[in-house]
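Working notes, structure below.
Bear in mind that the values in this text are calculations on the coordinates, not laboratory data. Everything numeric in this text was worked out from a predicted model, so none of it was measured. Cβ atoms come from the backbone with ideal geometry, glycine included; neighbour counts cover every protein chain shown.
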Amino acid sequence: MIRTTPFHERLSELNTQGLYTHWQGFLSPLRYTHAPKHEYFAVRNSVGVFDTSPLFKYRLTGPDSSRLLEGALTRDIRRCAPGQAQYTLWCDDGGFVMEDGVVFRHGEEEFLLTAARPNLAWFADLAQGLAVDLEDVSDDFGVLAVQGPRSRQVLEALAPEVGALGYFEHTSAKVASSAVTLSRTGYTGDVGYELTVPAADALDVLDAVLEAGQGHGLRPFGEEALMVLRIEAGLPLIDVEWTNSRLAWSDAERVTPTELGMGWMLRGVPEGDRAFVGRDALRREAEQRSSRWTTVGIVVDWQHWDRLHREAGLLPAKEAHPLPYESALYDAAAGGTQVGYMTSFTYSPVLQRHIGLARVRPDLAQAGTELHVETVVNHTNTTVRAHTARLPLFNPPRKTARP
Amino acid sequence: MTDTPTGSSDRRGADGAAAYDAIVVGGGHNGLINAAYLAKEGLRTLVLERNPLVGGAAITEECLPGFSFTTFSYALSLLRPEIIHELDLVRHGFMPLMMPSSFHPTGDGDYLLLGDDHDQNVQEVRRHSRRDADAYSRYHHDLDRVVQAVRPLFDSAPPDVFGSDGTAGAGFGPDLEWVRKHLGGVERRVMHDVVRLLTGSASDWLEDYFEHPAVAGYHASSSIIGSKVGPMSPGSGLVLLFHKMGEHDGHLGSWAFHKGGNGGFTQVLARAAQAFGAEVRLEAPVTAVLTAAGRVTGVALEDGTELRAPVVVSALDPRRTFLELVDPREMPGEVVDDVRRMKFRGVSAKVNFALDGLPTFPALPDTVDHFGGFLNIGPTVEYVERAFDAAKYGWYSERPFIDAAVQSVVDPDMAPPGKHVMSCFVQYAPYQLRGSDWDTERQRFGDTAQAVLEEHFPGFGDLVLHREVVTPVDIEARTGLTEGNIFAGEFLAPQMYLFRPSPAASRYATPLAGYYQCGSGTHPGGCVIGSPGRFAAQRVLHDLRRDP
């Protein structure tokens with residue numbers, strides 16, 4: 001039986017399309033209107049709301065909760081003070097990424113961890129013998145993302161505390177007389193916030209947000225818009241950019257944090273004393289420089305793209321839809337050899353280019369390296385010229401600007 | 001909008017006058033694009049703009065605190081993608097906000113609301129006529145085929161068919177053989193459609209597809225924009241085709257509001273031009289192009305300043321370019337004659353509103369989304385044709401056609417929260433009134449437009465906080481567009497392509513050495529396309545390489 005989120009009752013009234021996908025067993029709108037691009041522009045130009053409630057949520061409390069996370073998560077939780085949050089990964093012993101999530105530190109001994117997939121048993125096993133209370137609170141909360149340049153202005157009308165939040169900071173606040181967590185987090189690469197709301201109060205909080213958004217161009221956005229936003233923002237998606245290492249069939253499906261473009265999370269790991277799952281393998285990878293791939297942005301040569309299509313008598317397509325399958329990347333030499341693969345691909349309206357997220361051989365990762373991307377024109381395999389670029393491809397200063 | 005900072009110091013030449021490699025007269029979008037390309041190639045380039053802000057007819061002004069008006073030009077579609085990339089406009093803030101919908105009241109209380117989903121559009125058309133449902137798909141496909149057929153000509157300089165360039169222009173742009181080869185490759189049926197559109201009326205073309213008057217009326221609206229034609233006039237097909245040439249994000253004929261209005265767009269252009277090193281000087285009206293020994297030597301400003309440059313590019317319309325900036329006696333009589341008889345009859349006005357709230361369309365009382373794009377007030381072909389009637393006899397429509405847009409719905413930065421700006425493009429409003437003048441008629445004309453809005457959106461008048469009426473005379477006075485013609489020369493077949501603005505000067509050069517033209521009065525023409533500016537820069541650079 002498919003489930004619905006705590007916001008569904010109201011958001012479904014705003015959905016004129018009845019077009020949903022399934023996200024971890026929940027109904028999740030692909031789009032609310034006939035124009036997902038308009039929903040996309042709400043986030044890039046005004047403000048959009050997205051129901052991200054299907055995320056799994058785990059509460060960790062008790063004296064050893066920090067110790068558990070120190071040992072479980074790839075990124076050092078000791079660098080996360082109460083009131084802060086971290087985007088993080090967790091790996092297996094082989095140093096391959098299992099999953100990602102955001103951990104919110106509410107106090108010295110209190111955390112909330114979100115994850116895209118269920119993870120209770122994995123953390124519970126690691127918690128054996130530790131004084132940690134680990135609880136699956138996934139169904140207790142709805143999470144509403146409020147994203148875009150007007151998000152602060154809209155939320156400030158409900159909870160002035162929001163104005164003081166720096167990037168990846170959070171605070172408790174009262175919205176529509178409900179106790180919520182307000183965090184400056186999101187999955188759009190723009191300035192934005194998320195409200196973690198007790199499920200019973202979800203509709204009241206949503207109504208307050210919708211009302212506060214009037215006159216600010218606020219609109220709900222669905223997964224189609226989200227995919228374009230997150231690709232522009234260089235944010236990876238599980239089962240698209242990588243496969244949970246514990247569920248993968250071969251190492252070719254697996255990636256290490258460095259290969260995923262998250263090498264920055266390993267700051268202090270080679271020389272540090274923190275023991276965590278995968279550490280030895282990750283140290284080895286760093287020492288031996290054995291990473292197989294580097295994650296890069298791809299920017300397609302617009303002239304070549306247009307020419308390929310026009311010469312075939314077609315209108316050059318500029319559609320913002322994610323790639324249904326991976327496409328191969330070749331080096332620029334004639335008859336090039338495969339040097340990587342692209343995991344996500346879309347047309348970016350703000351960048352006016354086709355862009356992608358890709359993994360290439362580390363020696364070809366330097367920004368500006370010319371590559372050829374596999375594509376199909378008129379039922380025929382061909383390649384289009386592209387170059388590598390630093391991620392994120394879209395990174396407005398407002399995203400991280402201090403208030 | 002903030003003004004573009006002007007360049008600081010003059011570059012002094014040996015004789016003490018400021019020396020540039022190129023001076024562009026007029027800081028409209030084509031002037032700025034032209035200057036950006038020239039500066040990008042290393043030319044010391046100066047843009048001289050008469051007004052206190054750049055943009056020409058593409059400006060955004062705050063008429064009432066917090067309300068941003070697109071005084072004249074109000075939407076974007078035809079801008080060529082090459083320009084976005086070659087001038088790196090994204091880096092300078094280029095941001096076209098796609099219009100999610102197009103709304104057409106059918107005059108009987110019902111409406112046609114079209115959006116981004118083709119299948120839903122087909123159902124919406126089918127609601128009015130079952131027969132028109134599949135015609136809708138065929139119509140767009142056939143029109144798209146025509147667009148694809150003419151696009152290569154649209155996107156390149158006209159060839160020198162009449163030998164007017166002599167040898168100077170040899171090698172610039174494609175030659176006649178290329179044109180012949182391209183046209184030879186176009187399918188027979190598509191070529192027939194090309195000719196039907198270029199010479200016929202929009203209503204003749206439309207009646208092959210649509211039976212429902214409002215469905216045809218919706219599609220006819222783009223056939224008259226800015227032009228002294230009705231949808232039943234031969235020639236309106238060309239105007240319809242022209243407005244389909246846009247290719248916003250790969251969608252033919254789709255439209256967007258630029259962030260901050262079209263003035264936001266020209267500010268982006270100014271930043272790009274300046275980033276390439278061009279200097280932009282505001283409030284610097286040029287009175288004359290200076291010549292010596294049959295060559296351009298510079299320009300004279302109204303305040304008497306003379307600025308030197310071997311290349312002067314006029315971004316003004318052909319009348320100003322050939323008859324005012326230079327002494328017509330310096331030009332061959334043929335060109336002067338062509339420009340004198342070129343038609344510039346402006347028939348469009350703007351009525352811009354600041355609104356206290358969103359208007360209400362009674363059949364859609366609780367939704368906003370029908371305000372996401374153009375509101376097309378001209379229910380049927382007949383309605384629009386009748387609106388045209390008055391213009392033939394020197395008067396404005398008593399029930400005008402209105403292309404309205406509530407831009408603040410898509411771009412909330414255009415108005416305070418909960419308030420709105422509404423741009424109304426109103427037709428017909430002939431430049432020359434018979435038996436009266438626009439100073440006398442301005443407010444009555446505004447009332448006429450407002451009454452039509454009131455008809456479709458009851459209670460509209462109560463929402464009006466501020467109204468600005470911009471007549472063709474105002475357009476001419478403020479932007480310099482002759483007779484207020486928004487295209488800098490009408491879209492008539494004998495004024496396009498090889499003949500724009502004159503068969504003797506259609507390749508951006510002029511008979512006066514060093515003097516060039518880059519305004520919308522050159523191919524491919526008006527609207528915010530940018531190609532005239534780009535092609536003219538290519539021509540200047542071509543000539544400099546030939547004859548440095």
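What does a probe at A:Trp264 reach in the stretch A:272-306, counting residues whose amide N is under 17 Å from the point 7 Å along Cα→Cβ?
The answer is A:294-298.
Which aspartates and glutamates have a Cα less than 19 Å from the Cα of B:Lys392, not counting those fewer than 8 places away in the same chain?
Leaving aside aspartates and glutamates fewer than 8 places away in the same chain, those within reach of B:Lys392 are B:Glu382, B:Asp437, B:Glu441, B:Glu483, B:Glu490.
Between B:Lys181 and B:His141, what is the FRET efficiency for a Förster distance of 22 Å, r being their Cβ-Cβ separation, to the nearest 0.05?
So the FRET efficiency works out to roughly 0.35.
Are there GluC sites (Glu not before Pro) in the stretch A:82-156 that DSSP puts in a loop and that have at most 15 other Cβ atoms within 10 Å, and which ones?
A:Glu108
Along the Cα→Cβ direction, 7 angstrom out, place labels at A:Asp273 and B:Asp303. What is the inter-label distance in nm?
Between A:Asp273 and B:Asp303, the label points sit 7.2 nm apart.
Under a crude label model (7 Å from the Cα following the beta-carbon direction), how far is B:Asp88 from B:Glu211 in nanometres?
Rounded to a tenth, the inter-label distance reads 5.8 nm.
Do the alpha carbons of any pairs in B:Lys259/B:Lys350; B:Lys259/B:Lys343; A:Lys318/B:Lys40; A:Lys318/B:Lys259 sit beyond 29 Å of each other, and which pairs?
B:Lys259/B:Lys343
Give me the net charge of B:Asp462's neighbourhood, meaning all other residues with Cβ under 11 Å from the Cβ of B:Asp462; Lys, Arg count +1, Asp, Glu -1.
In short, -2.
Return the whole-Å distance between the Cα centroid of the stretch B:26-53 and the Cα centroid of the stretch A:365-395.
34 Å
Rounded to the nearest 0.05, what FRET efficiency do A:Tyr87 and A:Met1 have when you use their Cβ-Cβ distance and R0 = 45 Å?
Once the sixth-power term is evaluated, E becomes 0.90.
PRE reach from B:Asp134 (point 7 Å along Cα→Cβ): which of the stretch B:207-245 fall under 17 Å by backbone N?
Once the point is set 7 Å along Cα→Cβ of B:Asp134, B:208-212 turn out to lie under 17 Å by backbone N, inside the stretch B:207-245.
Under the √(5λ) rule applied to the eigenvalues of the Cα gyration tensor, what semi-axes describe the equivalent ellipsoid of chain B? Give them in Å, descending.
So the three semi-axes of chain B are 38, 27, 21 Å.
Angle between the Cα long axis of helix B:130-154 and the longest principal axis of chain B, 0 to 90 degrees, nearest 10?
The angle comes out near 0 degrees.
Please turn the phi angles of the stretch A:38-47 into ³J(HN,Hα) values with the Karplus equation 6.51 cos²θ - 1.76 cosθ + 1.60 (θ = phi - 60°), one per residue in order, whole Hz, x for glycine and proline.
Taking θ as phi minus 60°, the curve returns 5, 5, 4, 5, 4, 6, 7, 10, 9, 7 Hz for the stretch A:38-47.
Between A:Ala332 and A:Gln288, what is the label-point separation in nm under the 7 Å Cα-to-beta-carbon projection?
My value for the distance between the label points is 3.2 nm.
Which angle between 0 and 90 degrees, to the nearest 10, do you get for helix B:381-392 versus the longest principal axis of chain B when only C-alpha atoms count?
Once rounded, one gets 50 degrees.
Alpha carbons only, please: Rg and Dmax for the stretch A:294-389, in angstrom.
Computed over the Cα atoms of the stretch A:294-389, radius of gyration and Dmax are 12.4, 37 Å.
Rounded to the nearest Å, what's the spacing between the alpha carbon centres of the stretch B:385-418 and the stretch B:77-151? Just the number, please.
19 Å
Taking the alpha-carbon distance from A:Lys174 and a cut-off under 29 Å, which lysines remain once sequence neighbours fewer than 8 residues away in the same chain are dropped?
A:Lys57, A:Lys399, B:Lys419
Roughly what angle does helix B:118-128 make with the longest principal axis of chain B, taking Cα atoms, 0 to 90 degrees, to the nearest 10?
50 degrees
GNM on chain A, C-alpha springs below 10 Å: top fluctuator among A:Tyr40, A:Tyr20, A:Tyr187?
Per the Cα network of chain A with a 10 Å cutoff, A:Tyr20 tops the list.
Express the C-alpha Rg of the protein assembly as shown as a ratio against the empirical globular expectation 2.2 N^0.38 Å, rounded to two decimals.
It is 1.01.
Compute the signed sum of charges (Lys and Arg +1, Asp and Glu -1) over the other residues within less than 9 Å, Cβ to Cβ, of A:Pro270.
With Lys, Arg at +1 and Asp, Glu at -1, the neighbours total -1.
Okay, helix-only estimate at 222 nm for the protein assembly as shown: each DSSP H run of n ≥ 4 adds -39500 (n - 2.57), divide by all residues, round to 500 deg cm²/dmol; what do you get?
After summing the helix terms and dividing by the residues of the protein assembly as shown, the value is -8000 deg cm²/dmol.
Could you please report the charge total around A:Thr4, scoring K, R as +1 and D, E as -1 over all other residues with beta-carbon less than 13 angstrom from its beta-carbon?
Within the 13 Å Cβ shell, the charges total -2.
Using each residue's phi in the stretch B:26-39, evaluate 6.51 cos²θ - 1.76 cosθ + 1.60 at θ = phi - 60° and report the 3J(HN,Hα) Karplus result to the nearest Hz, with x for Gly and Pro.
Karplus-based 3J(HN,Hα) across the stretch B:26-39 equals x, x, x, 5, 5, x, 5, 5, 4, 5, 4, 5, 5, 5 Hz.
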